[in-house]
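Engineer: Sharing a structure, written as C-alpha cells. Questions coming.
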Amino acid sequence: MKRWCLLLCCLSWAAQAETFDAYVIAVIDGDTVLVLRDQQKIKLRLADIDAPEKAQSYGRQSTAYLKSRVNKKVVQVESRAMDQYGRTVATITLDGADINQEQVRQGMAWEYSFHHSNSAFIALQLEAQQARRGLWQQPNPQAPWDWRKQHPAYYCSHATTSPQAVFEPYDLACGKKSRCEQMQSCDEAHFYLTRCAVTSLDKDGDGIPCPKLCIPAQ
C-alpha cells in the first residue's frame, strides 16, 4: 500500500511539473496570483518566497508591486507540483525576468524554502537588506511566518470574510487540523504552523513542528 501511495504521489508531482503561458487575471497578495490558462483559472503560489500578509507592515506594498509587474499580462509559468489543497507552486517569468526572484530582490518578500536553503534567493535577500529596499527600510522587519503565529485571529477571519476567500483554498483549510497525529507529512505540518499559526504543533517553540515527522530518526 505504501509503495502505491508513493507511486501515486510521484505521478501527481510529475503531472504538474510543466511550463506554460498564462494570463494573470488577479494578484491576490505578494506571493500569490490567479491566472487563466485555456479558459481555466489556476491559483499560483510563487515558489521559494513568502511575502508579508496584507495586514502586516509592508504587506500592501508587496501586493502592489507584484500587481504592477504582472497583472493583466501573459507570463511564463514553470510549475513544480500541486499541493494537497489544489494550489500550484510555481516560478513565473515575464520578458525573461524571474518574478519570484524580483520580489525578493526589491525587498517585497522573504526568501523561503521548505527543504533547503536556496543560495540564489539568499543572495538576493542579502542584496535587498544591504540596499535597504522595500521592507528592509524598517528597523526590525518581522518574518511573515512569525507574524502569523502572533495573529491567528486575523488569519481565521481573513479566510472566512475576505472577498478573495474564493481564491484561497489553502487558507480555507486552516483550522481543520491541530494535532501532529492528523498531519500526513512534514510539509503539511510546516504549513499549519507557519501559514495557519497552529502553535500546538510546535510545543517547544523551536520552529520545528511535529518532531516525529520533521526530524529524521538517528
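The values are calculated or read from the model by the stated rules, or taken from the named source; none is laboratory data. Keep in mind that what you see is a predicted model, and the values were worked out from it rather than measured. So basically every Cβ, Gly included, is an ideal-geometry build from the backbone, and we count neighbours across all protein chains shown.
Engineer: Specify the residue that is surrounded by the fewest Cβ atoms within 10 Å (Cβ to Cβ); the eligible residues are those in the stretch 179-218 that are among the polar types (S, T, N, Q) and at pLDDT 80 or above. Please lay out each step first, then the result.
Structural biologist: Quick first cut of the stretch 179-218, residues among the polar types (S, T, N, Q) only: 182, 184-185, 194, 199-200, 218.
Cutting the leftovers down to at pLDDT 80 or above gives us 182, 199-200.
Details: Gln182: 13, Thr199: 15, Ser200: 11.
Among them, the one singled out is Ser200.
Engineer: Could you list, in sequence order, the residues of the stretch 104-148 that are modelled with pLDDT under 95 and touching a Ser or Thr at 6+ places or on another chain (Cβ under 6 Å)?
Structural biologist: Trp145
Engineer: Would you confirm, using the coordinates I've provided, whether Asp83 is of a type in the set (Asp, Glu), farther than 13 Å from Pro52 by Cα and at pLDDT 95 or above? Steps first, answer last, please.
Structural biologist: Values: of a type in the set (Asp, Glu): yes; farther than 13 Å from Pro52 by Cα: yes; at pLDDT 95 or above: no.
It is false that Asp83 is of a type in the set (Asp, Glu), farther than 13 Å from Pro52 by Cα and at pLDDT 95 or above.
Engineer: Oh, and also: Return only the number of the condition from (1) farther than 19 Å from Ala109 by Cβ; (2) loosely packed, with under 15 Cβ neighbours inside 10 Å; (3) modelled with pLDDT of 90 or more that Ile42 does not satisfy.
Structural biologist: Among (1) farther than 19 Å from Ala109 by Cβ; (2) loosely packed, with under 15 Cβ neighbours inside 10 Å; (3) modelled with pLDDT of 90 or more, the lone unmet condition for Ile42 is (2).
Engineer: Looking at the structure I just gave you, is Ala22 modelled with pLDDT of 95 or more, over 21 Å from Gln106 (Cβ atoms), surrounded by 16 or more Cβ atoms within 10 Å (Cβ to Cβ) and of a type outside the set (Val, Ile, Thr)? Full working, then the answer.
Structural biologist: Details: modelled with pLDDT of 95 or more: yes; over 21 Å from Gln106 (Cβ atoms): yes; surrounded by 16 or more Cβ atoms within 10 Å (Cβ to Cβ): yes; of a type outside the set (Val, Ile, Thr): yes.
For Ala22, the condition - modelled with pLDDT of 95 or more, over 21 Å from Gln106 (Cβ atoms), surrounded by 16 or more Cβ atoms within 10 Å (Cβ to Cβ) and of a type outside the set (Val, Ile, Thr) - is met.
Engineer: Search the stretch 162-177 for residues being of a type in the set (Gly, Ala, Ser) and out of contact with any Phe, Trp or Tyr (no Cβ under 8 Å at 6 or more places or on another chain), and hand back the single one that is modelled with the lowest pLDDT. Step through it out loud before you land on a result.
Structural biologist: From the stretch 162-177, those of a type in the set (Gly, Ala, Ser) are 162, 165, 173, 175; that's our starting set.
Remaining after also requiring out of contact with any Phe, Trp or Tyr (no Cβ under 8 Å at 6 or more places or on another chain): 162, 165, 175.
Numbers: Ser162: 37, Ala165: 33, Gly175: 64.
It comes out as Ala165.
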